[in-house]
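The values are calculated or read from the model by the stated rules, or taken from the named source; none is laboratory data. What you are looking at is a predicted structure, and each value in this text was computed from that prediction instead of being measured. Using ideal geometry, Cβ is built from the backbone for each residue, glycine included, and neighbour counts are taken over all protein chains shown.
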There are 4 protein chains.
Amino acid sequence: MGMPDTYSYLGPTGTFTEAALAQVPEAAGKNWRSVNNVGEALDDVTSGRSVAAMIAIENSVEGGVSATQDALASIPNLRIIGEYLVKVQFALVARPGIELSDVHVINAHPVAYAQCRNWLEANLPTHGHIPSTSNVASALSLFDSDLADAAIAPPRIVEHHDLRLLAENIGDNQNAVTRFVLVGRNSALPAPTGADKTSIIAELPDDRSGALLELLEQFSTRGVNLSLLQSRPIGDALGRYRFVIDADGHVFDERVADALMGVRRFSPKVIFLGSYPRADRAPVEYVDRYDDEVFIEARDWLRSLISGEPEA
Amino acid sequence: MGMPDTYSYLGPTGTFTEAALAQVPEAAGKNWRSVNNVGEALDDVTSGRSVAAMIAIENSVEGGVSATQDALASIPNLRIIGEYLVKVQFALVARPGIELSDVHVINAHPVAYAQCRNWLEANLPTHGHIPSTSNVASALSLFDSDLADAAIAPPRIVEHHDLRLLAENIGDNQNAVTRFVLVGRNSALPAPTGADKTSIIAELPDDRSGALLELLEQFSTRGVNLSLLQSRPIGDALGRYRFVIDADGHVFDERVADALMGVRRFSPKVIFLGSYPRADRAPVEYVDRYDDEVFIEARDWLRSLISGEPEA
Amino acid sequence: MGMPDTYSYLGPTGTFTEAALAQVPEAAGKNWRSVNNVGEALDDVTSGRSVAAMIAIENSVEGGVSATQDALASIPNLRIIGEYLVKVQFALVARPGIELSDVHVINAHPVAYAQCRNWLEANLPTHGHIPSTSNVASALSLFDSDLADAAIAPPRIVEHHDLRLLAENIGDNQNAVTRFVLVGRNSALPAPTGADKTSIIAELPDDRSGALLELLEQFSTRGVNLSLLQSRPIGDALGRYRFVIDADGHVFDERVADALMGVRRFSPKVIFLGSYPRADRAPVEYVDRYDDEVFIEARDWLRSLISGEPEA
Amino acid sequence: MGMPDTYSYLGPTGTFTEAALAQVPEAAGKNWRSVNNVGEALDDVTSGRSVAAMIAIENSVEGGVSATQDALASIPNLRIIGEYLVKVQFALVARPGIELSDVHVINAHPVAYAQCRNWLEANLPTHGHIPSTSNVASALSLFDSDLADAAIAPPRIVEHHDLRLLAENIGDNQNAVTRFVLVGRNSALPAPTGADKTSIIAELPDDRSGALLELLEQFSTRGVNLSLLQSRPIGDALGRYRFVIDADGHVFDERVADALMGVRRFSPKVIFLGSYPRADRAPVEYVDRYDDEVFIEARDWLRSLISGEPEA
């Protein structure tokens, strides 16, 4: 079932994706394989080169999220096994001896550069920009050439390299967080923790205006709350959509299992992406009416009806 | 298990309720027990004096229907095992030798009398009215006294007694039909026929405006159509309601069973009244998406997800 | 506008319907016209013989309620203008000098008689029954003949006639209440009181299983609660239904008006029966989100969007 | 009202965003202002430097889409006035005289580079990568230095510069399309065309599981179909969401206006982003029941009810 000691991530060392992988206890001390993009990372998993891959799923500054969602919708036998949040913080770093007043040219990944525009305009209004291939390559370039005087990089870069922080938290959005998921292959599900999430991708049966409501009723009638709901054009025809859905709870919870069966019956195509612990470890809240015992009791009740036993 | 050869019905011989019982093949040649009202009929069943009782459930001209619904909601262990429709037709009958022009006084049950008002005003504008205790007692009274010249009764009365029809179809509503149900005790359910009905009574969890919608979604999300929906105040507190519901299909149908479990989980109190063949024998229509196999397939799918098997 | 000083009711003097009419301040001191049934009462209104008629709409012991609902659905230009509750209490009455131990034969309307069965079986197990045309005619018959020794009647009968109470509250259901409505013609609506009710009858567009849900969503999306919901077969074809609906609030309330327009657009046929004060005078409860000002603000907002003004 | 002859877009000349702007007839012959990111583009509009800005809203390869959505949710008085689709096609271009076999180093924007991975692995397995700040800067760099032998760029680049196409359609996803919107300030709405779209951003009242359903019912009860539905965390507290919604139709359509008022009443915060012609010019389909006349008729009906006129 794949190399038990290899994990793939969007590299190189120092990226936000690597920071997400650093949160995975099982990955500690294993082989970490740096790759160039999401496609390569998922290939590693399906081919067995890696046991799992860390990929950005929401709000990424390191690559397209809709590409990730489309990949999960089209590559079979993948399974999300964990969720991780990384605060997106940018720092301006330089070689020792360089002061902020010395900075004229900055090396930065174009997406990171765009996200620090306000700070740069206020503090370095006349600087030049040299692009890099990643948020780490920008910093490493400072050792290879002196074209740039400073680089935009994750702040932890200074723990690994002989660089100094010229400024911290220079991103425009101080609350930016990227959500990552660890993706493995079809295999045993992570045990429920009480603070779990279940991800699916489901197509609507057709374009009639009530179809989406019926899909969502599969969850609401079982008391299951959704934390993500995103339409994506299917692409094979105009006006057809699939929905990327994160539901509170684990497929081992009766209410989630029942909702998933409802979705399976309703939807022409549904992909189960996994049940896994939430990054924020916040226990799932739901009303008592949808407790496991209530589902079990209802099944017992139905069984007794069908068998013709007197009601309790 | 009750006297296997006794059936109770609202008598006496000749009522519409007896006509309903005459439609029951199993009751042919058995002991038919005539009772005075619904309460007595259901008592016969719960006490074991009768194997089943025929009672009006909708549009009755022989007694209150809401009393029937309330009785079914409060007496445990009853089960509807069949549904029957009887066309409500009234005739004006008299002793041999009496002509319409001889009629000055009419004996009639007050409810039947009210339903023939238009015909009476047009044809006998100056008649008098003597009330009777039933739609049959009116006709029988003609043999006991000559206070009345004619009686309002079901037309079949002339098959059993020496009476003649003075006028047929004298009711104001030519399409009037009463719906009856045959009620027995908790026992083996009638086998599904493909043209079945399932009856329940369910309370709403509370008075919030969305509760009824959530109850109905339990049916709509499984593609189950309703043919009866009736609110009834519960009576123990202001503003609380229960609903009398007839759903298309049999509890042995996967979609109905799943909907009932959903109702059981949602509703603080639900009473299963039975699954039984529809009186009109019209096959239940539903979209393929809610076929038994779809439910079985969804269960298999869920089982494979949980066991960690690769998806087909 | 009809005879301004005549009100019709199901008579004769002393019925529960008359007790309902006695609750109407406007009817005090006017001409009260006693009629024989609901059809006659509504005819009085449409023909202009009466300004209004009192009729039972739920739980009646004096006539069929579904007939009332069907009449309201088919006779145009009627309008409910008030709602009244009457406690259904039965008494056993007799001429002066008669004791309970003297009673062998009882005169009673068949429906009332059926509702006192438990008391009669316990206290007069061997009595005979003579039927009457109404709950009052039973008592009056005691003055015309001595065939019966006592009668079942509303307890207030002793206020009008020289009769004595042998027993009170002899009905099986101690909490029985009949709901009446006062029906007039299309005309100015009663002013809102904050404790109002709006009644309609609406057909569903077709038999698809989601149609009822869509009808109810017209109310729930405006925060309007329902206190009555009753399916009735339309009668012109199998499987088509109309719904009798009581909604909390007055058509002068923005949320009710908006819901009614939604129903009008959705339903192939909708009949507005009126907005009128609730019998229980309980103020309508609803969440602030559906207050009149919210509707007005939303209209202003839309108007500013359409006119291209900047948002506030 | 801003400089009437300036339009902002993500530059430089040759980007996909510029290709979107080239589809706008009103922009032809006007001043086109090239900016570095979405924030700058929207600043141009709010400050009045530009009359409108073209920005990517879905599936962009030139910048984050969630940043765009968040900007539209937080900057007041913006209005979408048009929608445009641009096929995302990448080409490999080089200076004249360079053949594919000569290519060892490629200049490319990191996001574009990631999307051409498959073709590059198959055709140039051993190449090196130099990053650029944009999909156009990559090509222009070929004139400034000979570090790179070829560049990844939009194919139209060869119309403007002395470059040759070494390979076309080298992107992994042959059907990739980016959706752009033209954003102006609050002002007169574009006239309805019958093929329109209305965009809003709405917050849910709270986290209860039925809130989203109620939001969507505001559309479904008026027969309005949605083509985009996307949850976004609000960011001020855990578990609160807003939804980015594209609805079929124009706010001048009665059903859309009525749905928007419903959303306004329901949602604690709703932002109207505009009504504008769909890029695909596909006429909006809806059932007759939701036609403008039906809304007008319902208003007339309600008005006559309230005024006490007899029903037609």
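Among the residues of the range A:125-146, those identified as among the hydrophobic types (A, V, I, L, M, F, W, C), free of Cβ contacts under 8 Å to residues at least 60 places away in the same chain and out of contact with any helix residue (DSSP H, G or I) (no Cβ under 8 Å at 6 or more places or on another chain) are A:Leu142, A:Phe143.
Among the residues of the range C:151-199, the ones that are among the β-branched types (Val, Ile, Thr) and closer than 19 Å to C:Asp246 by Cβ come to 6 in all. When every residue of the range B:50-60 is checked against the conditions, at least one turns out to be over 22 Å from C:Asn118 (Cβ atoms) and in contact with a Gly (Cβ under 7 Å, 6 or more places away or on another chain). Screening the range A:10-33 for residues that are closer than 23 Å to A:Ala176 by Cβ and of a type in the set (Gly, Ala, Ser) and picking the one that is modelled with the lowest pLDDT gives A:Gly11. The residue that is modelled with the highest pLDDT, among those in the range C:134-159 that are crowded, with 21+ Cβ neighbours inside 10 Å and β-branched (Val, Ile, Thr), is C:Ile152. On the stretch given as the range B:123-133, residues that are at pLDDT 95 or above and hydrophobic (A, V, I, L, M, F, W, C) total 1.
Residue by residue, here is whether (1) crowded, with 19+ Cβ neighbours inside 10 Å; (2) over 16 Å from the mean Cα position of the chain (by Cα); (3) within 30 Å of A:Val270 (Cα to Cα) holds:
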| site | (1), (2), (3) |
| --- | --- |
| B:Ile234 | no, yes, no |
| B:Arg240 | no, yes, no |
| B:Ala247 | yes, no, yes |
| B:Leu260 | yes, yes, yes |
| B:Phe266 | yes, yes, yes |
| B:Ala282 | no, yes, no |
| B:Arg289 | no, yes, yes |
| B:Ile296 | no, yes, yes |
| B:Asp300 | no, yes, yes |
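Only helices (runs of 4 or more DSSP H) whose full extent lies in the range C:110-154 are considered here, and the ones with at least 1 residues that are within 11 Å of another protein chain (Cβ to nearest Cβ) and hydroxyl-bearing (Ser, Thr, Tyr) are C:110-115, C:137-144. Taken over the range A:260-292, the criterion of being assigned to a helix (DSSP H, G or I) and facing chain B (nearest Cβ under 10 Å) is satisfied by A:Leu260, A:Met261, A:Gly262, A:Val263, A:Arg264, A:Arg265, A:Phe266, A:Arg289, A:Tyr290.
Could you list all residues from the range D:218-234 that are without any contact (Cβ under 8 Å) to a residue 40 or more places away in the chain and either within 18 Å of D:Val251 (Cβ to Cβ) or within 7 Å of chain A (Cβ to nearest Cβ) (or both)?
Kept after step one, since they are without any contact (Cβ under 8 Å) to a residue 40 or more places away in the chain, are these residues of the range D:218-234: D:220, D:226-227, D:229, D:231, D:233-234.
Listed by number, the residues that qualify are D:Ser220, D:Leu226, D:Ser227, D:Leu229, D:Ser231.
Against the conditions (1) out of contact with any Ser or Thr (no Cβ under 9 Å at 6 or more places or on another chain); (2) closer than 19 Å to C:Arg156 by Cα, C:Leu85 satisfies every one except (1).
Among the conditions (1) closer than 21 Å to D:Val177 by Cβ; (2) buried (at least 24 other Cβ atoms within 10 Å of the Cβ), D:Ala52 misses just one, which is (1). Residue selection: D:Ser101 satisfies the criterion of being over 21 Å from D:Leu273 (Cα atoms), out of contact with any Gly (no Cβ under 7 Å at 6 or more places or on another chain), without any contact (Cβ under 8 Å) to a residue 24 or more places away in the chain and among the hydroxyl-bearing types (Ser, Thr, Tyr).
Summed over the range D:274-312, residues that are within 27 Å of D:Ala211 (Cα to Cα) and touching a helix residue (DSSP H, G or I) at 6+ places or on another chain (Cβ under 6 Å) total 2.
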